[in-house]
Amino acid sequence: MPPRRRAALISVGIVAIALIFCGMWLGARVLIVKSELQAAQPLLTKLQAEATGFQLKNLQATTEKLDAHTSMAATQTRDPIWRAAEVIPFIGDNLYAVRAASETLDEVVSKVALPGAKVASAVNLTARDPKTGALDLSPLPKAAKILVTAKTVIGDAQERMARVQTSRTIGQISAVVTQLDRVLSKASVGVADGTKIVTATSGVLGQDGARKYLLMFQNNAESTALGGSSASYTQLTVDKGAVKITGQASSANFVQGEPVDVKVDQSAIDLYGAYLINHTNTATSRPDFPTAAEITRAYWLRDKKEDVDGVISIDPLALAQVLKATGPITLPTGEVLTSGNVVKVVVNEIYFRIDAYKHPQLSDAFFEGVASAVFAKVVGGQFDLKTMVGSITAGVNNGSIMMWSAHPKEEAALAGTRLEGVLPKNNKEQTVLGVYYRDTSASKIDYYMKTSTVTTTNVCTNSKNPTFSTTVSLHLDLTTAQANALPAYVKSFPYGAKMFVTQVFVYGPVGGSIADYRVDSVGIRSEKTLNTDDLGRPVASFSVVLAPGQTSAVTATFTGKPGDYGPIEVRGTPMINATTNTITPMSCG
């Protein structure tokens with residue numbers, strides 16, 4: 001064989017051997033990556049369960065195990081042979097996709113999840129500074145730093161994954177890429193929200209200076225749009241994590257009948273009257289918590305001579321949720337409140353024990369005692385974290401917990417959440433209708449009131465000119481004999497047990513108009529009162545007068561403007577007997 005031919009054959013053989021070697025090498029790396037990512041999958045599931053279950057002490061160990069697998073997978077894809085093979089048509093596209101996914105998982109786990117787990121694992125809710133009794137705020141700046149890193153890591157990962165051409169990858173890899181893209185998109189939103197929350201929390205907890213907050217307690221037995229009459233207040237001062245009660249008051253401590261200097265839309269005054277701004281306990285009449293908060297803050301400043309940085313509202317329904325996490329609390333009187341009895345005790349039974357007309361100081365002292373006892377348990381960290389998060393979430397979603405801050409950054413962190421206590425500004429994500437009640441008979445009768453709504457719409461078939469019709473029913477669920485036996489403070493101040501007056505306010509979709517509103521069935525007397533616009537929505541209002549045992553129903557129909565409409569939702573006053581809402585259809589499927 002000629003030397004040239006022999007040399008060529010040898011060269012071909014060497015190349016073939018090299019290609020076979022590279023293929024075997026690459027195949028081994030692919031198998032290792034596959035094995036490591038498969039081993040990571042159950043750890044990801046476990047980590048998610050521990051995070052959602054608030055098993056904070058376990059997070060670090062699980063994340064470290066996960067980090068070992070994702071790091072090994074990413075390391076294999078950084079091999080020079082792997083990188084060189086990425087130029088091969090079709091095969092290279094799949095190899096790049098696997099490398100991009102592996103590197104993304106590795107960076108997210110090592111640079112975000114692992115340091116985050118270390119911070120979370122070290123959280124101790126019961127830890128206190130021995131001198132000041134302050135909460136441990138050290139996790140907050142650490143969390144803020146991790147979130148800054150997370151923003152960069154996720155941004156880089158999204159750019160990396162965007163270069164994957166799923167049209168050239170096999171189905172299994174394409175599915176992983178699509179799923180990872182969704183996860184990164186959600187994570188990006190989560191990081192943005194988390195940054196706002198950490199920033200706001202640092203301010204709220206007084207990390208950069210003392211803050212004062214007014215805790216407003218609403219009584220749902222005397223309904224107003226946001227919950228009920230607000231006649232009990234507690235001032236909290238927070239300074240570098242140290243939380244103290246620095247003031248308490250009732251509605252008797254304020255000058256009533258003289259309006260505070262707060263700018264309120266004329267539409268609100270038209271609907272709710274001057275009582276909205278000249279009586280503290282009816283500041284919650286409008287379904288807009290910033291309105292109520294600013295009015296209440298103005299009262300505190302005018303009559304108590306102190307300004308506050310924010311207002312937080314809770315009601316007995318929220319309190320019942322909180323007690324699920326803290327367990328029973330013992331009042332100064334020795335009485336034990338539980339999640340099962342607290343609503344009944346604080347909005348009904350207390351008035352059978354104390355004549356609040358004759359001895360208002362005794363009822364005020366009772367409510368102050370409840371606030372102090374709950375405060376001690378919550379601030380002391382004496383609760384189950386997972387249950388507390390669920391309880392707070394339930395309270396917020398029910399409209400029973402709301403917050404407003406005078407500081408723009410903190411208020412911005414609340415924007416778009418139910419905690420903000422406002423109706424949505426558009427119909428795109430959700431088409432929210434509102435049904436709200438206000439007792440105007442100076443009673444605590446709503447412990448016995450039962451309400452329901454039925455809403456129908458043709459928005460699914462007529463998005464250019466849709467209609468929304470809501471029928472509201474009210475039933476006073478007690479007999480005449482039972483009403484006569486009620487304490488004077490529960491009965492109507494002007495009417496005794498004979499009749500009770502409730503205003504009903506039905507809010508239509510954003511930008512809509514009223515097509516019709518009517519009274520369907522009458523108790524003693526039910527009538528239309530006003531139709532107008534408020535908070536960017538059409539509003540139909542009614543006055544319903546019921547004797548014990550009677551029922552009345554009213555209906556408001558709205559026409560929507562052309563546009564996008566999300567799933568229908570009916571929100572309203574958090575009633576002691578939860579309102580039953582029926583919607584047909586809830587979405588267009």
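Quick notes on this structure:
- A simple charge model with +1 on the Cβ of Lys and Arg, -1 on the Cβ of Asp and Glu and nothing else charged puts the dipole of the stretch 342-427 at about 180 debye relative to its Cα centre.
- Residue (of 114, 141, 413) at the positive-pole extreme of the chain, dipole from beta-carbon charges: 114
- Ordering 588, 56, 280 by the projection of their Cα atoms onto the charge dipole of the chain, which places +1 on the Cβ of Lys and Arg and -1 on the Cβ of Asp and Glu, puts 56 at the extreme positive end.
- Hits among lysines - C-alpha to C-alpha of residue 151 under 17 Å, sequence gap 8 or more where chains match: 111, 142, 186, 196
- Only one residue of 532, 216, 90 has its Cα farthest out toward the positive end of the dipole of the chain, where Lys and Arg carry +1 and Asp and Glu -1 on Cβ, and that residue is 90.
- Among [x] 82, 68, 38; [y] 63, 57, 57; [z] 121, 66, 41, the entry that matches Cα extents along the principal axes in Å as calculated here: [z]
- Note: relative contact order over the chain, using C-alpha pairs below 8 Å and six or more positions apart, is 11 percent.
- Using alpha-carbon coordinates, inclination of helix 289-304 to the longest axis of the chain, degrees: 60 degrees
- Basic side chains Lys and Arg get +1 at the Cβ, acidic Asp and Glu get -1 at the Cβ, and with that the dipole of the chain about its Cα centre reaches some 1780 debye.
- FRET efficiency, residue 125 to residue 482 (Cβ-Cβ, R0 45 Å, nearest 0.05): 0.50
- For 302, 571, order by how many other beta-carbon atoms lie within 10 Å, fewest first: 302, 571
- Convex hull (Cα only) mean projected area of the stretch 243-352, reported in nm² to one decimal: 8.7 nm²
- Hits among aspartates and glutamates - C-alpha to C-alpha of residue 46 under 20 Å, sequence gap 8 or more where chains match: 36, 64, 67, 106, 107
- The chain: calculated mean residue ellipticity at 222 nm from DSSP helix runs of at least 4, using -39500 (n - 2.57): -14000 deg cm²/dmol
- In a simple Cβ point-charge model (Lys, Arg +1; Asp, Glu -1; nothing else charged), the stretch 430-589 has a dipole of about 200 debye relative to its Cα centre.
- Crossing angle, helix 3-52 versus the chain [Cα axis fit, 0-90 degrees, rounded to tens]: 20 degrees
- For residue 450, the aspartates and glutamates whose Cα comes closer than 20 Å to its Cα, not counting residues fewer than 8 places off in the same chain, are 222, 315, 349, 439, 477, 520, 527, 569.
- Cα long-axis angle, helix 171-204 against the chain (0 to 90 degrees, to the nearest 10): 50 degrees
- Cross-link pairs exceeding 24 Å in C-alpha to C-alpha distance, out of 34/65; 244/305; 57/409; 34/118, comprise 57/409; 34/118.
- Mean separation of Cα pairs under 8 Å and 6 or more residues apart, divided by the residue count, gives the stretch 493-589 a relative contact order of 30 percent.
- Sequence-separation-based contact order of the stretch 263-404, relative, with Cα cut under 8 Å and 6+ spacing, percent: 27 percent
Quick note: the coordinates plus some simple rules give every number you see, no bench work behind them. Please read these numbers as outputs of a predicted model, since none were measured by experiment. Here the Cβ is made from the backbone with ideal geometry for all residues, glycine too, and neighbour counts use every protein chain on show.
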